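Below is one structure, written out as C-alpha cells; the observations come after it.
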C-alpha cells in the first residue's frame, strides 16, 4: 500500500511546491529534497520542512529503510544567505545530522552536486552514494569559516583522512570520478547505473523486519554520533571564532 504526505508538508513550502516530499510504500520510505529554485539550499523553510519529514518517518514503526533523493541538479548546497548573513550562527546541527538521527537505515542518493553543509548532510546517511559526474565540495574556507557539526570527522570517516584534509584546506570542487580513482570507501556510480544500484539496495533492506532494522541502526548510530559529538567539541571554538571575525558583510552563500 502506497501513501504520500507531500501535501501535508506542502504547508511548509517554497511557493507552490513543497520543500520536501515523503512517499511510503510498504516498509520503504522516500524523502525528496524539492527546493529546486533554491538549489536545495538550507533556508529556514527548508529546514522546518525537512525536520517535519524526519519526525514523520521516525514515528512510523512500519518503515525499514529510507531513501533520500532530490529534485534538480543539486542534492543540497548548504546554508542559504538567510543563515549565512545572520549576526550569530544558526543552530543547524539538527538539520545537518538529521539523517544520522533517523532510527532506520538511510540511503542518500547524492546524484547531484553537494556543497558545504549539503555534502555533510548527505554523508551523515548510513549509506551515501555519489555520482561520478557530479561535483562535491567542503567549501567552508571559501566562506571564511572553520567547519563544525562534525564535518571534520564525517568527511574523514567517509573519504579517508588524507582526502578529507585536502577538501577542507582547499575548499575545491571534486568530481565524483576523482573520489573513485582515489579509492574512497563511499560508492561512486556512473549516472546510468546509480538509480538501479540504489533501488536494489533499498529493496534488499526493505525485506528486513522494521524492529530489527531499528536495533541495528541503534548500534551503528550510537557509535557514529559519539565520534561526531567528540569532533564537535573540538570544532566549536574555531568555528565561532571564524564566524564572529568574518561578520563584515562579505560572506557568500553555499555552506554552513
Query raised in the report: Can residue 160 be described as on the phi > 0 side of the Ramachandran plot and out of contact with any helix residue (DSSP H, G or I) (no Cβ under 9 Å at 6 or more places or on another chain)?
Result: yes
Requested in this report: Working only within segment 225-256, note down all residues that are farther than 28 Å from residue 39 by Cα and either crowded, with 18+ Cβ neighbours inside 10 Å or at pLDDT below 90 (or both).
Outcome: 231
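Please pick out the residue among 179, 159 that is more than 30 Å from residue 60 (Cβ to Cβ), buried (at least 18 other Cβ atoms within 10 Å of the Cβ) and under 17 Å from the mean Cα position of the chain (by Cα). Before the answer, list the steps.
Details: 179 fails: under 17 Å from the mean Cα position of the chain (by Cα).
Of the residues listed, the single one that is more than 30 Å from residue 60 (Cβ to Cβ), buried (at least 18 other Cβ atoms within 10 Å of the Cβ) and under 17 Å from the mean Cα position of the chain (by Cα) is 159.
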Query raised in the report: Does residue 167 satisfy being at pLDDT 95 or above, more than 21 Å from the chain's Cα centre (by Cα) and not in a strand (DSSP E or B)?
Result: no
Report summary line: Here the residues within segment 72-129 that are surrounded by fewer than 20 Cβ atoms within 10 Å (Cβ to Cβ) and on the phi > 0 side of the Ramachandran plot are 72
Report task. Of the numbered conditions (1) crowded, with 19+ Cβ neighbours inside 10 Å; (2) over 22 Å from residue 18 (Cα atoms), residue 68 fails exactly one; give the number of that condition. Result -> (2)
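Report whether or not residue 231 is in contact with a strand residue (DSSP E or B) (Cβ under 8 Å, 6 or more places away or on another chain) and either in a helix (DSSP H, G or I) or closer than 30 Å to residue 26 by Cα (or both).
On the way: in contact with a strand residue (DSSP E or B) (Cβ under 8 Å, 6 or more places away or on another chain): no; either in a helix (DSSP H, G or I) or closer than 30 Å to residue 26 by Cα (or both): yes.
No.
Is it the case, given these coordinates, that residue 146 is in contact with a helix residue (DSSP H, G or I) (Cβ under 9 Å, 6 or more places away or on another chain) and over 23 Å from residue 217 (Cβ atoms)? Give the steps one after another, and end with the answer.
Values: in contact with a helix residue (DSSP H, G or I) (Cβ under 9 Å, 6 or more places away or on another chain): yes; over 23 Å from residue 217 (Cβ atoms): yes.
When the stated conditions are applied, residue 146 passes them.
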Query raised in the report: Is there a residue being part of a helix (DSSP H, G or I), closer than 21 Å to residue 119 by Cα and touching a helix residue (DSSP H, G or I) at 6+ places or on another chain (Cβ under 8 Å) anywhere in segment 178-186?
Result: yes
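The values are calculated or read from the model by the stated rules, or taken from the named source; none is laboratory data. All values reported here derive from a predicted model rather than from experimental measurement. Glycine also receives a Cβ, built like all others from the backbone with ideal geometry; neighbour counts cover every protein chain displayed.
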